[in-house]
Amino acid sequence: MATHTEFAYNSKVEGEVVVSQADAVINWVRTHSVWPMPMGLACCAIELMAAGGARFDISRFGMEVMRFSPRQSDCMIVAGTVTYKMAEVVRRIYEQMAAPKWVVAMGACASTGGMYRSYAVLQGVDRIVPVDVYISGCPPRPEALLDGMMLLQEKIRREPSARGLLKPRAHEPVAVGAKL
Amino acid sequence: MDTIVDTLKARFPFVTPRPSSDTPAVNVPADQLLAFAQVLRDELRYDMLLDLCGVDWDVASLRFGVVYQFYHSGKKCFLRVATLAPDNMAPAVPSLAGLWPSADWHEREAYDMFGIRFDGHPNLKRILMWDGYEFYPLRKEFPLAGIESELPAADTAEATGAKVIAAPMMGGPFYSGTEEHYHMSSAEPRANDQSWTEDKPKPGQKG
Amino acid sequence: MPTSTEINLGDVGARSAAYAEEMQGEHMTLNVGPSHPTTHGVLRLLIELDGDRVIKCEPVIGYLHRGDEKIAENMTYNQFVPYTDRLDYLAPLANNVAYALAVEKLAKLEMPPRCQAIRVICCELARISSHLLGLGVFGMDAGAWTIFMYTFTQREKLYTLFEELTGARFTTSYTRIGGVARDMPEGWLGRVNKFCQEVLPVIDEVDKLLTRNKIFLQRTEGIGVITKQDALAYGITGANLRAAGIEADLRKDNPYCGYENYDFEVPIGTRGDCFDRYLVRIEEIRQSVRIVRQAVEKMPEGPWYAESAKKIFDPPKSKVLSSMEELIQNFMIVTEGPQIPAGEVYFEAENPKGALGFYIVSKGGGVPYRLHIKGPSFVSLGILPKIMPGHLLTDITCILGSLDFVLGECDR
């Protein structure tokens, strides 16, 4: 029975000791404090900022800490068109992020190149970094971004984090709306 | 509105009027451009060079042109000046960056997009594409999807295996032109390009 | 008995001067960006520093070059409208209107008054939206985080209005060649009025927080001065030009889209520093609210598209689905594009960031032969190598914030 379990805590019965699976605890911590690194390149960055604003409040999920430094962040949200000129910058910043790290491709341009089928645009950021969640939209509404981040949380919750803690993990992309 | 064109024609014999839908416009040969521009700025007081762009007229004779938009901030009126680069294989036009500093970046862009050299420019290098890019994108024979080449950064190319590819057109661009207006270059991939569809895996993915 | 020793110090002045020169050290090259919170997009600055002082500044752009001009040669005029949204993505409606006006100038089309009034309201609301964000981000760069939150709340109200009118929060793609996509919904004008009422007190509050704030003044007064001659020589337009002291506003000088019918003032600065640019933008928001109020009041009745533009404007669906002639028109315009006569035109509109210019060459047919976009931000960034040297490292953020550029229209 290797599934993760939710843990409840009744101090009178259990006496200040919580028994749970390592996976559950580690994933619970990681899920509820994903610190995004906003790779805000173009128009999607504005919707990312709006999601951080008061109306759509990404802070409810613990994600308002938008760290621009890759060393301090967990999740890189690629928001906007990635051009070939910019590709090396995105890749380098991804490599500087510390594991565990995830990548969210926000918007059509980051997912597949969007409506810019031209000589200068990278046709999808997944050509250079492994993407965990794709969010469609041009730009996606902040609610769609939050939905995507919740999908990411679901994904993190299912990760076998305790197993092979010292070994790096490969990432598998999940499309928005896929049955989990 | 035509008085400025008449003034210029009277002053410079090589100036010819240019048909235009809105503002007065003149044609100037490239070798006289610098002297013409000097007079335009110092005596006629067209103090703002708003815009400058290259055009590929795609004709067998002089193919590359540069079009300037000048503005008189006192009289609030525009003037368009068009010139043609004398050599099709190595197009070059005198640079106006010494007279109007705004020309600096615009000329770099025209060089980047068309390959038109601007003689006398302080720093003529690519501005929108990366420095090692081999092609001139806005030329008519260059396809919109691009031509496959190497990624500008060698370490990223090595780590990911990505290249600068021809963007998958998926049957587009989507419009039909009548024969007389079909001036699109035959280098554009049209609706027969099905080389990459959702059925085939993206490079890097397994099946 | 202590003897005295004579110590020959030599030429102390020369020695200390030589030592100082040796201690001068090298200039440090600092790379700001392209992924950096203060650069407002993917801008890279190569800065040479002498200690804390900037000696040289070279902006590197092109990280967002998407090939819009090449794409335009392969799209019909109406198909290109979504790409114009993404030029200045803080005020998409203004770009839509500027592009539609440029093509209509080429086609020599006059818009009916209702269409013009709708477009004016769109442009001015877009201007308010862009300046609100510009101020918010400028304040944030100077350390005033609250401003960002206040202005973003107001922008959310604008987004609701845009969504009601066009269907999208931003990236509206609202105009078409020959008119707009649809008429205004019921009661929209009332809600616009209500927004105008709500935004003015917020602007006053931002004003109170920043305009006489000692910290803000010290960070912005005398910083990043653009002189009148420089502004003209470098082709700067818009609020940056007006802050330098030049009276130039395309809405007054070469009025388009019915702007001559509205009564508004144009704020002009005196010194051309960051503070003046901030003041000009705040006042422009107030004047935009004034224009919107007038347009709402005087909204004329009538068609919202040019009915005479038979081969250019796609008729409304109710007519297309019931009448043969309109059906054929719809088919021709959708497949072959609006038939614009041959010629060339250069049209500039007073966008929030400056004058957005379109140079369109048409050889007839539905697709342009050459479409060149002059982005005001491209020009604004061109002046950075001139104004940046001599300032401190910390002034860089204020100068960038005050110039209010967006990389979408710079790189296209």
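The values are calculated or read from the model by the stated rules, or taken from the named source; none is laboratory data. Bear in mind that the values here come from a model prediction, so they are computed numbers and not experimental data. Note: ideal-geometry Cβ built from the backbone for every residue, glycine included; neighbour counts use all protein chains shown. Each accessible area value is taken on the protein alone, full model and side chains, heavy atoms only, with ligands, DNA and RNA left out. Shrake-Rupley method; radii C 1.70, N 1.55, O 1.52, S 1.80 Å.
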Kirkwood calc, the stretch C:68-411, C-alpha pairs only, radius in angstrom 20.6 Å
How many angstrom lie between the Cα centre of the stretch B:1-53 and the Cα centre of the stretch C:216-254? 26 Å
For the stretch A:33-107, give the magnitude of the charge dipole about the Cα centre (Cβ charges: +1 Lys/Arg, -1 Asp/Glu; no others), in debye to the nearest 20. 120 debye
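C:ASP50 to C:THR227: extension gain in nm, 0.36 nm per residue of separation minus the Cα-Cα distance? Before the final figure, lay out each step's value.
Numbers: separation 177, 0.36 × 177 = 63.72 nm, distance 2.46 nm.
Extra length available between C:ASP50 and C:THR227 comes to 61.3 nm.
If contacts are Cα pairs under 8 angstrom and at least 6 residues apart, what is the relative contact order of the stretch C:1-132 in percent?
Values: 108 pairs, mean separation 16.6, N = 132.
Relative contact order, the stretch C:1-132: 13 percent.
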For the stretch C:58-120, the Rg and Dmax computed from alpha carbons only, in angstrom: 14.0, 47
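Count neighbours as other Cβ atoms within 10 Å of each site's Cβ, and list the GluC sites (Glu not before Pro) in the stretch A:24-133 that are DSSP loop with at most 15 such neighbours.
Details: sites: A:GLU47, A:GLU64, A:GLU88, A:GLU95; in loops: A:GLU64.
Qualifying residues, ordered by number: A:GLU64.
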Give the residues of the stretch B:23-65 whose amide nitrogen is closer than 18 Å to a point set 7 Å from the Cα of B:THR7 in the direction of its Cβ. B:23-28, B:35-50
Given a cut-off of 21 Å, what percent of all Cα-Cα pairs of the stretch B:3-134 lie beyond it? 38 percent
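Quick one: divide the alpha-carbon radius of gyration of the stretch C:183-335 by 2.2 N^0.38 Å and tell me what you get. Mind dumping the intermediate values first?
Numbers: Rg = 21.9 Å, N = 153, 2.2 N^0.38 = 14.9 Å.
For the stretch C:183-335, the normalised Cα radius of gyration comes out at 1.47.
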Using Cα positions and a limit of under 19 Å, work out the aspartates and glutamates in reach of C:LYS208, with same-chain residues fewer than 8 apart set aside. C:ASP141, C:GLU198, C:GLU221, C:ASP276, C:GLU283, C:GLU284
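Tally Lys and Arg at +1 and Asp and Glu at -1 over the other residues with C-beta under 13 Å from the C-beta of A:VAL89: what net charge comes out? Before the final figure, lay out each step's value.
Values: positive: A:LYS85, A:ARG91, A:ARG92, C:ARG44; negative: A:GLU88, A:GLU95, B:ASP155.
Counting the neighbours of A:VAL89, the net charge comes to +1.
Can you compute the charge dipole magnitude of the protein assembly as shown about its Cα centre, using +1 on each Lys and Arg Cβ and -1 on each Asp and Glu Cβ, nothing else charged? Give it in debye, rounded to the nearest 20.
Details: 84 positive and 99 negative charges, 222 e Å.
For this selection, approximately 1060 debye.
State the three equivalent ellipsoid semi-axes of the stretch B:71-148, derived from the C-alpha gyration tensor as the square roots of 5 times its eigenvalues, in descending order and whole Å. Each step should come with its number before you reach the end.
Working: eigenvalues 132, 41, 36 Å².
Taking √(5λ) for each eigenvalue gives 26, 14, 13 Å, largest first.
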Is there a simple number for the mean count of other chain Cβ atoms within 10 Å of the Cβ of residues in A:42-52, and what is it? 5
What distance in nm lies between label points placed 7 Å from Cα along the C-beta direction at B:ASP155 and C:GLU163? 4.2 nm
The protein assembly as shown - Debye-derived log10 I(q)/I(0), Cα point model, q = 0.08 Å⁻¹: -0.71
Can you give me the C-alpha center-to-center distance between the stretch C:71-112 and the stretch C:129-153, rounded to a whole angstrom? 28 Å
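Go ahead and estimate [θ] at 222 nm for chain C from helices alone: -39,500 (n - 2.57) per DSSP H run with n ≥ 4, summed, over the residue count, rounded to 500. Kindly include the intermediate steps, with their values, before the conclusion.
On the way: 18 runs with 200 residues, N = 412.
Computed mean residue ellipticity for chain C: -14500 deg cm²/dmol.
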Other residues with Cβ under 10 Å from the Cβ of C:VAL180 give, with Lys and Arg +1 and Asp and Glu -1, a net charge of +3
12 Å beta-carbon shell around B:PRO152, net charge (K/R +1, D/E -1): -1
With +1 on the Cβ of every Lys and Arg and -1 on the Cβ of every Asp and Glu, the dipole magnitude of the stretch C:158-266 about its Cα centre, in debye rounded to the nearest 20, is 320 debye
Of B:ALA37, B:ALA85, B:TRP105, whose Cα points farthest to the positive end of the dipole of the stretch B:3-134 (charges on the beta-carbon: +1 Lys, Arg; -1 Asp, Glu; origin at the Cα centre)? B:ALA37
Interface size between chain B and chain C, please: total buried accessible area, 1.4 Å probe, rounded to the nearest 100 Å². 4400 Å²
Solvent-accessible area, 1.4 Å probe, carbon plus sulfur percent, for the stretch C:24-120: 51 percent
Tell me, how many Å apart are the Cα centres for the stretch C:308-349 and for the stretch B:144-171? 38 Å
Cβ crowding within 10 Å averaged over residues, with C:199-211, C:115-127 ranked highest first: C:115-127, C:199-211
Quick one: which residues, 5 or more positions from A:THR83 or on another chain, have an amide H under 5 Å from its amide H? H modelled 1.01 Å from N in the peptide plane, none for Pro or chain starts. A:LEU122
Fraction of beta bridges assigned by DSSP in the protein assembly as shown that are antiparallel (%, nearest 5): 70 percent
For the stretch C:92-163, one quarter of the surface area of the C-alpha convex hull, expressed in nm², comes to 5.4 nm²
Give the long-range amide H neighbours of B:VAL93: residues separated by 5 or more places, or on another chain, with amide H under 5 Å away, using H modelled in the peptide plane at 1.01 Å from N. B:ARG117, B:PHE118, B:ASP119
Among the listed pairs C:LYS310/C:LYS363; B:LYS9/B:LYS125; B:LYS76/C:LYS386; C:LYS194/C:LYS353; A:LYS85/C:LYS108; B:LYS140/C:LYS105, which are separated by more than 29 Å between their Cα atoms? B:LYS9/B:LYS125; A:LYS85/C:LYS108
Determine by what factor the alpha-carbon radius of gyration of the stretch C:115-249 differs from 2.2 N^0.38 Å, reporting the quotient. 1.24
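With Rg and the Kirkwood Rh both taken from Cα atoms, where does Rg over Rh land for the stretch C:266-319?
On the way: Rg = 19.4 Å, Rh = 14.9 Å.
In the stretch C:266-319, Rg relative to Rh is 1.30.
If Rh is defined by the Kirkwood formula over all Cα pairs and Rg also comes from Cα, what ratio Rg/Rh do you get for the stretch C:291-412? Provide the component values of the computation, followed by the final result.
Numbers: Rg = 21.5 Å, Rh = 18.5 Å.
That ratio equals 1.16.
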How many nm is it between the label spots at A:SER69 and B:LYS163, if each spot is 7 Å from the Cα in line with the beta carbon? 4.0 nm
In sequence order, calculated HN-Hα J values of the stretch C:139-150 (Karplus, 6.51, -1.76, 1.60; Hz; x Gly/Pro): x, 5, 5, 7, x, 9, 6, 4, 4, 4, 5, 4
List the relative contact order of chain C as a percent without decimals, with contacts defined as Cα pairs under 8 Å and 6+ residues apart. 25 percent
